[in-house]
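One structure below.
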Amino acid sequence: MAAEVAALAARQHGVISCAQLLEFGLSSAGTAYRRPGPGVEAGGMAHRVYVIELERAAGRRRDPRIPWVYVGSSARDPEIRLAQHRRGYKSSGLVRRFALRLRPDLYEDLPPMPGSAKALAAETARARELAAAGFVAHSDGVSHGKDDPRWSEWEAERLAPVADRVEAAAAELRESSFEPLDPGRCAELLHGERGFWVADFIDLADPPPAYGLFAHVRLEALDAHVGATTAAR
């Protein structure tokens, strides 16, 4: 930290340039500066798309298992941006009132982008894609999919980029299950299936977060993926 303070003092006395100051991870105002990530041009801030799941009270769902989400983009880390939304900083009223949790399974496949314009375009594209999979996706003042009764579940090919999230969710279900879970039942719980049998595995009054997390994915694709990863364990 001493080096950073010395660098800032040197800048204030005109000894080093702003460009040199950035090498210390500082802006000319003395605040932290995030160096661009891979694929981001020097001099540009890395922006990322993020997705926040909203509580059920946000609005009527197209499918009871698939929530409303907010899709945004920012140079801030998603966790920091979520906290800002909850405080009301540059936040829509919908997100401030109903923000539930981040959904990295819906955005981690998107890389950092050089500048807000490209990130905003990717944000809109992702909102439309999620709307096409059954979500109501709120972005830039538009609730995509809100009044559209048609959607299509993700297939195995679309699931592949977030396969690690599927595996983590499956592991969570196995750990919280009352009884041993075979791959088929695990896939059904990931899909948010309902029935008397569900209570044999999880507490429906307080289900684990992974329950229904992939309701927007074709059950056959989940079954194949969970079966394959279970066999490889």
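Miscellaneous remarks
- Meets criteria (among the small types (G, A, S) and either modelled with pLDDT of 95 or more or in the same structural domain as P209 (by TED's automatic domain parsing) (or both)) for G39: no
- Residue in the range 82-111 that is surrounded by the fewest Cβ atoms within 10 Å (Cβ to Cβ), counting only those that are aromatic (F, W, Y) and at pLDDT 95 or above: F98
- Pairs with Cβ under 8 Å, 6+ apart, first in the range 127-139 and in the same structural domain as R103 (by TED's automatic domain parsing), second crowded, with 23+ Cβ neighbours inside 10 Å and of a type in the set (D, E): S139/E123
- The range 102-142, subset within 17 Å of the chain's Cα centre (by Cα) and part of a strand (DSSP E or B), residue farthest from P64 (Cα to Cα): M113
- Residues that are in a helix (DSSP H, G or I) and without any contact (Cβ under 8 Å) to a residue 40 or more places away in the chain, drawn from the range 73-96: P78, E79, I80, R81, L82, A83, Q84, H85, R86, R87, G93, R96
- Boolean, P161 is in contact with an Asp or Glu (Cβ under 6 Å, 6 or more places away or on another chain) and in contact (Cβ under 8 Å) with a residue 12 or more places away in the chain: yes
- Residues of the range 203-222 that are in contact with a helix residue (DSSP H, G or I) (Cβ under 6 Å, 6 or more places away or on another chain) and crowded, with 21+ Cβ neighbours inside 10 Å: A210, Y211, L213, F214, V217, A221, L222.
- Residues of the range 172-202 that are in a loop (DSSP other than H, G, I, E, B), out of contact with any Phe, Trp or Tyr (no Cβ under 8 Å at 6 or more places or on another chain) and either crowded, with 20+ Cβ neighbours inside 10 Å or among the acidic types (D, E) (or both): D182, E193.
The values are calculated or read from the model by the stated rules, or taken from the named source; none is laboratory data. Fair warning: this is a prediction, and the values are worked out from it, not measured in the lab. Positions of Cβ are generated from backbone atoms using ideal geometry, with glycine treated the same way; all protein chains shown enter the neighbour counts.
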